[in-house]
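Just so it is clear, none of the values below were taken in a lab; they were calculated from the coordinates. Predicted model only: the values in this text are computed from it and were never measured. Reconstructed Cβ throughout: ideal geometry from the backbone, glycine too, with neighbour counts over all protein chains shown.
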Amino acid sequence: MNESLFIIWGEEDALGIPLIDEQHRGIVSMINTLYYFMKRGDGEREQLRMLEMLEHFFTIHFIVEEELMEAAGYEERKAHAEAHERFLKELRELRASIERFNEPLELLKSLKGWWLDHIKGEDLKYVPSVRKWMEEG
Ligand SMILES: [Fe+2]
């Protein structure tokens with residue numbers, strides 16, 4: 001297969017929190033699979049199934065992140081959780097645009113940008129608090 005991956009993920013992308021890193025890797029795998037079906041230009045049913053999995057897993061992933069931030073007493077957790085909520089809303093919009101065949105690839109690209117920036121920015125900020133909490137516990 002001559003398709004390149006939509007997101008290339010490497011060791012340098014790890015935050016150093018094993019469970020979170022595994023979840024990020026799993027999400028990358030799902031997004032790359034969704035992209036594969038979008039590029040094919042068909043497989044609407046598969047796209048919707050992938051997106052459903054993504055929505056469920058993102059929800060679970062955000063719950064885990066928010067629990068860790070809470071347990072660690074991370075100060076900016078409320079704003080972080082609000083950013084998660086906005087992202088989940090956009091994921092639901094992506095589903096609607098797949099159903100309408102309305103430029104879903106453009107929306108997927110913007111969600112990819114948001115999520116990668118979020119990991120490099122907002123997620124990275126909670127790492128010292130969460131790691132400190134983990135080392136103490
Ligand atoms: Fe996050």
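Of note:
- The chain: most fluctuating residue of 112, 125, 89 per GNM, C-alpha cutoff 10 Å: 89
- Sparsely packed loop sites in region 1-74 (the GluC sites (Glu not before Pro) outside DSSP H, G, I, E and B with at most 16 other Cβ atoms within 10 Å) comprise 3.
- Dipole magnitude for region 35-137: computed about the Cα centre from +1 point charges on Lys and Arg Cβ and -1 point charges on Asp and Glu Cβ, it is near 360 debye.
- Label zone at residue 105 (point 7 Å along Cα-to-Cβ), backbone N below 16 Å, region 18-34: 32-34
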